Amino acid sequence: MPLSIGMLRLGRTRVLPRLGRGGNQVRGYDTRNCFGHRVKAAPKIPVKEEWLRRREAQPNLWRLVCAYRDHGHRVADLDPLQLTPSSPLPELEPSSYGLGGSEAETILYPTEGLVHGHPHQQAPLSDIVHHLKNVYCGSLTLESAHIMDMEEKEWLAQKYEETKSRPLSEVNQRSLLWEMVRSQTLDNFLGKKFGTLKRYGAEGAEAMMAFFQEAFSSAASGGVSDVIIGMPHRGRLNLLIGMLHFSPTALFHKIRGNAEFYEGAPSVGDVLSHISVSVTLEMGEEKAPLHVNLLPNPSHLEAVNPVVMGKARARLLSLGLGEYWSGGESDEDGGGKVLPVQVHGDASFSGQGVVMETLGMASLPHYGVGGTLHLVVNNQLGFTAPPDHGRSSHHCTDVVKMIGAPVLHVNGDHPEEVVRATAVAMDYWMKFRKDVVVDLVCFRRWGHNEMDNPSLTQPTMYNVIDKRPSVPDLYSMELESQGVAEEGEGKKIANSYSEQLNARLKEVDSHTPSNETLRDRWEGLEFASSNITVWDTGLPEDVLKYVGAKSVSLPDDFFV
C-alpha cells in the first residue's frame, strides 16, 4: 500500500496532510514509490496528428526511415583511421520495404513528419535515401533504438536530425580552431621541454576540446551553475591548462620535482595525471558564471564515477533542488543547475564493473542526480588490446543500453560534428534530466603513455597513424580552404601560445605555491590538529532509552 509521505529536509522532518491512497503529487513530483522520494514527471511530447497521418499514408517509407534511425549507426563512417570497413545492411535497402523500381524517381514523397532537416517539402526516394545516409551513416550518428519511451525517442530523433544540418558560425569555427591548436601546442611543448614525461596527452583526441567548449557554453546558457567532472589521465592536462585556467607555471614547477602545495600543508601531492581544480569561468556578458570542479583522479580507472554522482547529489541537496527540493520557492527546472560529467576510455567503459554499478544507480530513489553527461574518448585501443580482444559488444558504449541512455557516435576527425553531438546531448539532458553519451571515436598518437612504443603490438594501426596529419592541422587546412581562417592562422596561434608557455616556464624558479585550500564555501574551517584529543562520548542511560523510544514512534497525523 503506498504511503502518504512527508517531505524530508536535512535536520528536520515535516509531515504533510494525507493526500490519498493512489499516490501523491508534491509540486509535480511523484512520491508514490519511496519514502521522501520526489521524481518529476517526464515531459509529454505528443507527435503531431498530421505527421501520424502522413506516416500512415506512406508506411513503407516510414519503415525505411525507422530502419535508418535504428540501424544507421552500425555502418556509420566513424573510424578516422579507416581500419574498420562495414558491410551493407539489408535493413537499409529500400527494396526491403517494397520501395524503388523503375518508377521510383517519378514519385515525390512528403518529407515533413517523416524526416527532419530536409530542405524540401517533397522529394524523390533517392533524395530522401541520400539525406538519411548523410544524417545516420556519416561521421556523426545517433543510437537510440533501445529507448523505451516512444515520445522521448521521437523528440530526440527530431532534435538530432535538425541539429545535424545546422552550420557553425565563423566565430565558433575559429574559437574551436584556437582551442584545439592550443591543446596540440601544449602537448608539443611538454614533449620538447620534458622529453621523458608521461603526460597522457590529448594527441589524436584534440576534438574533445570541442566537447568541453560546447558543454560549458550550453550549460551556462541553460542556467547550470555547477559542473562536476570526473575524468581519467588522457587529455587531463590539456583541459586543466587550456580551459580551466590551471597555472602553467604551477604545472612546470611540479614537473621539475618541486612541492605541489604550500609550505606546511598537510599534503604531499600526487602524480600529474591526478591534479584537480575548482574554478569559476566567466561565460560572457549574457551568461552567468559557471563553477567547474574537476575532481582528483585515482589511478584505478572509472573509480571516480560514483564520486562525481555523490558530489553532484551533495550539491543538489545543499541547493535544495531536483529530487532534493526543500520546499519554499518553486523548483521549476527540476534540479538542472548541477551538471555531472564523466569522461571515460573505451576499454575501461566496457570493462570496468564500477561503470555498470554506477549506471545502475542513475534512477534509484535518493541516488538520482538528474542525469549525467558522458564522454567516451574512444582510442579504439585498450592499453595494447584492440576492441575485438577487449569486448564482445559492437560498440564500447553498449553497457548504457541497460538504462536506455542515447548515444551519439562521432568521428574525431570532424570537430564540428563533435560540437553538434554535444549540443544534442545537452539539449536532451536539459529536457529529460537523464544520462546521455557522446562516443568520440579517435586514436592515440602515442602508446599508453608517451614512453611506450605501440608499433610493437599494433603495427598496422600505427603505420596509418604515423603517416597522417593531426586533427588540429586538418581542421586548420579545412578552415583556410573555406576562407574562414587566414593562411597560416593555425601556426600563428601555435607560435603565440608557445611563447606564452616559454615565458611561464621561466617563472618556475621564483614560483611559490599558494594556499588554495579552505576558501570560498569552506572559509572558516581548519585542518585537524596533530594533537590527540580524548573526548567522553558517553550518554546517560535514560537519554538513550528516550531516543530509542522516540525513534520508533509515529506522530498522530502520520498515516500509513
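Please go through region 420-461 and pick out each residue that is under 29 Å from residue 187 (Cα atoms), surrounded by fewer than 24 Cβ atoms within 10 Å (Cβ to Cβ) and of a type in the set (A, V, I, L, M).
The answer is 423, 426, 451, 456, 461.
Yes/no per residue for (1) surrounded by 20 or more Cβ atoms within 10 Å (Cβ to Cβ); (2) closer than 27 Å to residue 214 by Cα; (3) at pLDDT 95 or above:
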| position | (1), (2), (3) |
| --- | --- |
| 352 | no, no, no |
| 362 | yes, yes, no |
| 373 | yes, yes, yes |
| 386 | no, no, no |
| 389 | no, no, no |
| 394 | no, no, no |
| 398 | no, yes, yes |
| 401 | no, yes, yes |
| 407 | yes, yes, yes |
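So if I check each of 279, 268, which one is under 29 Å from the mean Cα position of the chain (by Cα), β-branched (Val, Ile, Thr) and surrounded by fewer than 23 Cβ atoms within 10 Å (Cβ to Cβ)?
279
Find the strands (runs of 3 or more DSSP E) located wholly in region 373-451 whose residues include 1 or more that are under 17 Å from residue 351 (Cα atoms) and acidic (Asp, Glu), and list them.
436-441
Can you tell me which residue in region 490-526 is least open to solvent (accessible area, probe 1.4 Å), limited to those that are in a loop (DSSP other than H, G, I, E, B) and in contact with a helix residue (DSSP H, G or I) (Cβ under 6 Å, 6 or more places away or on another chain)?
Filtering region 490-526 for residues that are in a loop (DSSP other than H, G, I, E, B) and in contact with a helix residue (DSSP H, G or I) (Cβ under 6 Å, 6 or more places away or on another chain), the one least open to solvent (accessible area, probe 1.4 Å) comes out as 511.
Is it the case that region 94-107 has a residue that's part of a helix (DSSP H, G or I) and in contact with a His (Cβ under 7 Å, 6 or more places away or on another chain)?
The answer is no; no qualifying residue exists.
Please determine whether any residue of region 238-247 is modelled with pLDDT under 95, farther than 24 Å from residue 441 by Cα, in a loop (DSSP other than H, G, I, E, B) and open to solvent by less than 20 Å² (accessible area, probe 1.4 Å).
No, region 238-247 contains no residue that is modelled with pLDDT under 95, farther than 24 Å from residue 441 by Cα, in a loop (DSSP other than H, G, I, E, B) and open to solvent by less than 20 Å² (accessible area, probe 1.4 Å).
Run residue 464 past the list (1) in contact with a helix residue (DSSP H, G or I) (Cβ under 8 Å, 6 or more places away or on another chain); (2) assigned to a helix (DSSP H, G or I); (3) open to solvent by 10 Å² or more (accessible area, probe 1.4 Å) and report the number of the one that doesn't hold.
Of (1) in contact with a helix residue (DSSP H, G or I) (Cβ under 8 Å, 6 or more places away or on another chain); (2) assigned to a helix (DSSP H, G or I); (3) open to solvent by 10 Å² or more (accessible area, probe 1.4 Å), only one is false for residue 464: (1).
From the list 398, 388, exactly one residue is among the acidic types (Asp, Glu) and free of Cβ contacts under 8 Å to residues at least 24 places away in the same chain. Which is it? I'd like the intermediate steps shown before the answer.
Details: 398 fails: free of Cβ contacts under 8 Å to residues at least 24 places away in the same chain.
Step by step, each of 398, 388 is checked, and only 388 is among the acidic types (Asp, Glu) and free of Cβ contacts under 8 Å to residues at least 24 places away in the same chain.
The values are calculated or read from the model by the stated rules, or taken from the named source; none is laboratory data. Everything numeric here is computed off the predicted structure, so don't read it as measured data. Backbone-built Cβ (ideal geometry, glycine too); neighbour counts: all protein chains shown. To get the accessible areas, we keep the full protein, side chains included, count just its heavy atoms, and leave off ligands, DNA and RNA. Shrake-Rupley method; radii C 1.70, N 1.55, O 1.52, S 1.80 Å.
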